[in-house]
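Before any comments, here is the structure.
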Amino acid sequence: MTEWDGRGLVSTEWLAAHLGDASLRLYDVTVHLRPATPGPYKVESGRADYEAGHIRGAAFLDLVHDLSDTTSALNFTRPSLSALEHALGAAGIGAGMRVVAYSSGSPMWATRFWWMLRAAGIADVAVLDGGLAKWTAEGRPVEAGRHDYAPAAVHGAERAGSWADKQDVLSAIGDGAVCTINALSPSVHSGEAPISYGRKGHIRGSTNVPYAALLAADGTFRPDAELRPLFEAVGALARKRVICYCGGGISATMDALALTRLGHEAVAVYDGSMAEWTADPDLPMDLGA
C-alpha cells in the first residue's frame, strides 16, 4: 500500500511521504469503550489522549459528539447528510482533499469514519493501516497539543444501499440472496460471553466473521488473500448483498471495509445493530454458533 488505491487503507509509509501535502487532511478519531455496570460499556471521547500525543499535524474529530446524531437514544447513530457535511466542513474537509483517519486503539473507529464518508459519497478517504500504534512503533513523528484546519465546504451525495435498517435485517432472514454477518466475537455471537447487548446471542440467520480475525499481529488488516477465505466460508462473496452488524454499528465497518477491498459491491452496515435489535423482544435471536 505504497500508493493511494482507493480501497480504504493507506500504509504508514504512504502517510509519512505525504504528511506535508496541502491537500491532505489527517484526523485522530479515537473513542474508548470503558467497562461499565450496567454494561456492556461506557463511551468516552479520545480527545484527551489525542492532546497528549498524536501524529504530527493531525486534528481531532469527535465521533461521539460531532459525527453522531445526539438526539438518538442509540449511541453513534449516523447524522443526517447535511449535519455530516456541516461537521466535516467545520473540521476542514473540502473538495479535492484526501482524508486519512486513524485511532489509537482498535481501527474500528477509523473504519466507522471511513464508512460514514464513503456512504455520503465522499470518496477520497482512507484508514491508516495499523493506526497510531504502528506509526509510533516505527519511530515516526508525534506531537502534543492540538491542531485545527481552516474551515472548508464539502458536499456529499448519499450512496444508496450503504446502510441497513431494522426492517432490512428482518427481511433478510431466510433470504438466500442476503448474507447477514455479525462482527462481534464468537462468544458474544453464540451467547456464551458474560456480556451482552440486552439479549444474548445473535440475529436469527446471521453468521459470524469477528472483526478481530481480520487483523494481523501488528494491528494491520490481513492481506486480501487471507481475508477472502473468511468471507467465503460464510457464503458472503457469493451473495448478492451483505449486511454487517455488531453492537452499535462500529466494528461492523471493519467487516464492511474488508468486503469492499475484496470487491463486493453491495455491502450495508446495520446502523442500529444489536443495540436496537435486542431492545425489541419481538425481533428473533438465536443462541449457538
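Side notes on the structure shown:
- On the stretch given as segment 171-188, residues that are crowded, with 17+ Cβ neighbours inside 10 Å and either farther than 13 Å from A252 by Cα or of a type in the set (S, T, Y) (or both) total 6.
- Residues considered: G89, G96, G145, G53. Of these, the only one that is more than 23 Å from E13 (Cα to Cα) and in contact with an Asp or Glu (Cβ under 9 Å, 6 or more places away or on another chain) is G145.
- Matching residues, segment 237-250, being out of contact with any Asp or Glu (no Cβ under 6 Å at 6 or more places or on another chain) and part of a loop (DSSP other than H, G, I, E, B): R239, K240, C246, G247, G248, I250
- Every pair of residues 6+ apart whose Cβ atoms lie under 7 Å, when the first sits in segment 60-83 and is more than 21 Å from V154 (Cα to Cα) while the second is of a type in the set (A, V, I, L, M, F, W, C) and surrounded by fewer than 19 Cβ atoms within 10 Å (Cβ to Cβ): N75/V43
- Considering residues of segment 224-276 that are in contact with a Pro (Cβ under 9 Å, 6 or more places away or on another chain) and among the small types (G, A, S) only, the residue farthest from A123 (Cα to Cα): G247
- Residue that is among the acidic types (D, E) and closer than 20 Å to L132 by Cβ, where the choices are D66, D5: D66
- Scanning segment 251-263 for residues that are assigned to a loop (DSSP other than H, G, I, E, B) and crowded, with 19+ Cβ neighbours inside 10 Å yields one hit, S251.
- Residue in segment 84-92 that is crowded, with 19+ Cβ neighbours inside 10 Å and in contact with a strand residue (DSSP E or B) (Cβ under 8 Å, 6 or more places away or on another chain) present: yes
- In segment 100-112, the condition of being more than 19 Å from the chain's Cα centre (by Cα), at negative phi and either outside the structural domain of A17 (by TED's automatic domain parsing) or not charged (D, E, K, R) (or both) is met by no residue.
- Residue within segment 108-122 that is over 30 Å from H54 (Cβ atoms), surrounded by 21 or more Cβ atoms within 10 Å (Cβ to Cβ) and at pLDDT 95 or above present: no
The values are calculated or read from the model by the stated rules, or taken from the named source; none is laboratory data. All values reported here derive from a predicted model rather than from experimental measurement. Because the Cβ atoms are built from the backbone with ideal geometry, glycine has one as well, and the counts that use them run over all protein chains shown.
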